[in-house]
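Trainee: Here it is: the structure, laid out below.
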Amino acid sequence: MPQDAYTLKYLCKELNSEFKNGKINRIVQPDNDSVIFTVYNGEKVQNLLISANPSNPRIGISSKQDAPLTAPNFCMLLRKYLLSAKIKEISLIGFDRIVKIVFIPSNEFFDEEDKIIYAELMGRYSNIILTENGKVLGANRGINFFDNGVRPLLVGKDYVYPPTNQKKEPSDKSLIENFDSLSGEIKAENVCNFVQGLSISSAQEIVRKYYEKYGSFSSQKFFVFLNDFVENTTPEPCVIYSKNELKDVCVYPYANVGERIERFDRLLDAENFFFSEKDRVKTFKEKKDRLLKIVNAEIKKIKKKLSFVLAREKEALNAENDRIKGELILSNIYKIPNGASKCVLDNYYDNTQMEIVLDEKLSPSKNAEKYYKKYNKEKRTLIALEPQKKSLDSDVDYLESLLDEISLAEDIEDVLILTEEVVSVGLIKTQNQKKKKAENVGYRTYLIDGFTVKVGRNNAENEKLTFTAKPDDIWVHAKDYHSSHLIIVNGDKASQKVILTASEICAYFSKGRDGGKMEVVYTKRKNVKKPPKSKLGFCTYSSFTSVMVNPDKHSELLK
């Protein structure tokens, strides 16, 4: 959920406990929407993060300290007023998604006035605003738009809270009248419409728990229950998973939100884990999508070149007709008058008649010579096109194998390894094109009944893994699909169970893993060869055995 007022209420208590009386040692603004304060509280140094990112506004602890070479203007303003200041208090304003952070300036500036940051965590209206004596000193965004109105945030003008759209705090007794207007039933949408600062998931939990306790709706009872829920919940911080994907972070486990929960001692820790994982997944997806886009674009470019080569080859394949025309002209030269523009001759190759266009300015013998020259030229063209076609076909096969590897990537480490390969083949230009170190290979390593099994994660790793293995190690690969290369160390002594398990892993790391049962081949490494001048990761094999297996990652066997 977004950080709603209910979650922020408990989060601010923890933040205040962590950062109260802490001294600001450093301020950075890693991007347009985020500010990080490095705070020392006498015992430890921690980073307080405020993010006004419209899609993910939050406040919490961060491990990041990245800073651009040139600090933005708002960052410089914060440094001017808040460096060496102490945090006096962190609290929630009323029951809205506005966090108030009060700073006591350092005495060395002879500045006695407290400075206040208002972190408005309101989706696309999010903002970070610095004030003094109720006046705006600066803001991350100069103007906030709410509905049809505009709230200007001008330096020197009074800071004004964002409009509430006539929503009320949970403690406002006039809410009872709003609840009375409902027809004997309350829904989560009603709660969100009437009550300030609640997300839909929090409202759903409140309504569910109310009906679980009382069964029927009473506006008075619901008002009391709402305030008891908001003020007296015993925190059980957790993150919630749905279909093995991180879905939510909650003050305590909401019912019917997910299938699995992971508990934490503090809401701060739960939120830090949740947003760190979300950032990691987002970074992984962005990097993976970028690689896919780069490789797909290169494949498209090479296929376009290949189509031109194939079209030219098709034209050149008609050269045999030119040879036959030249031959027929010479065989029937006595029948063809000088200055003729065409002739129709018997084609003794297929017992048909062939119409042949002639150059009126040339004699019949010169016309025959012209066709022979054209024939010889097209023959030379075919010879020249063959290596080009072979090279382009090889490039497409390699890039499609690389595309499959990228599609199979499951984490950021996989993507980083694949990025190295994409850089090494020149698809991504870098300022420093140094050769990659041969060491530090990142094979996936399994232990199966005492046998070490290694799996490559890109074409470079596949090739190195295969051709540095011992001759009697067992090499495993998916049949008819691109897949990771897999080596069973000392595999000539491995049981059939070990080989089958390794084959299931190999099937999982192949393009065909979503198609159910598939064929996997294995052989001794000495039966695997690399053709001269072949692309990275390409090899041939012989004397193999095949098995049918279901793809299985076998995460429990990963070392």
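Trainee: Of the residues that sit in the range 408-426 and are assigned to a helix (DSSP H, G or I) and open to solvent by 60 Å² or more (accessible area, probe 1.4 Å), which one is nearest to residue 280 (Cα to Cα)?
Mentor: Result: 413.
Trainee: Then there is this: All but one of (1) under 30 Å from residue 395 (Cβ atoms); (2) of a type outside the set (A, V, I, L, M); (3) touching a helix residue (DSSP H, G or I) at 6+ places or on another chain (Cβ under 6 Å) hold for residue 364, so report the exception by its number.
Mentor: (1)
Trainee: Continuing with this model, one more query. Check 489, 498, 520 and return the single one that is of a type outside the set (Ser, Thr, Tyr), under 20 Å from residue 460 (Cα atoms) and over 28 Å from the mean Cα position of the chain (by Cα).
Mentor: 489
Trainee: Here is a follow-up. Being touching a Lys or Arg at 6+ places or on another chain (Cβ under 6 Å), of a type in the set (Asp, Glu) and at pLDDT 90 or above narrows it down to one of 169, 120, 132, 89, so name that one.
Mentor: Just a single option satisfies the conditions, and that option is 132.
Trainee: Six or more apart or on different chains, Cβ under 8 Å: which pairs go from a residue in the range 445-463 that's in contact (Cβ under 8 Å) with a residue 12 or more places away in the chain and under 11 Å from residue 484 (Cβ atoms) to one that's part of a helix (DSSP H, G or I) and of a type in the set (S, T, N, Q)? Could you list them?
Mentor: Listed by first residue and then by second, the contacts come to 456/462; 456/466; 459/401.
Trainee: Just checking, how many residues over the range 289-321 are without any contact (Cβ under 8 Å) to a residue 60 or more places away in the chain and over 41 Å from the mean Cα position of the chain (by Cα)?
Mentor: Counting residues in the range 289-321 that are without any contact (Cβ under 8 Å) to a residue 60 or more places away in the chain and over 41 Å from the mean Cα position of the chain (by Cα) gives 3.
Trainee: Can residue 535 be described as open to solvent by 60 Å² or more (accessible area, probe 1.4 Å) and assigned to a loop (DSSP other than H, G, I, E, B)?
Mentor: yes
Trainee: Name the pairs whose Cβ atoms lie under 8 Å apart, with the first residue in the range 235-250 and under 15 Å from residue 265 (Cβ atoms), the second part of a loop (DSSP other than H, G, I, E, B) and of a type in the set (Lys, Arg), and 6 or more positions between them or separate chains?
Mentor: 237/266
Trainee: Which residue is most open to solvent (accessible area, probe 1.4 Å), if the candidates are limited to the range 474-488 and must be outside any strand (DSSP E or B) and at pLDDT below 95?
Mentor: Only one residue fits best here, namely 480.
Trainee: Here's something else I'd like to know. If only one of 492, 552 is part of a loop (DSSP other than H, G, I, E, B) and out of contact with any Cys (no Cβ under 6 Å at 6 or more places or on another chain), which one is it?
Mentor: 552
The values are calculated or read from the model by the stated rules, or taken from the named source; none is laboratory data. The shown structure was predicted, so the numbers you read here are calculated from the model rather than taken from an experiment. Using ideal geometry, Cβ is built from the backbone for each residue, glycine included, and neighbour counts are taken over all protein chains shown. Heavy atoms of the whole protein, side chains included, go into the accessibility calculation; ligands, DNA and RNA do not. Shrake-Rupley method; radii C 1.70, N 1.55, O 1.52, S 1.80 Å.
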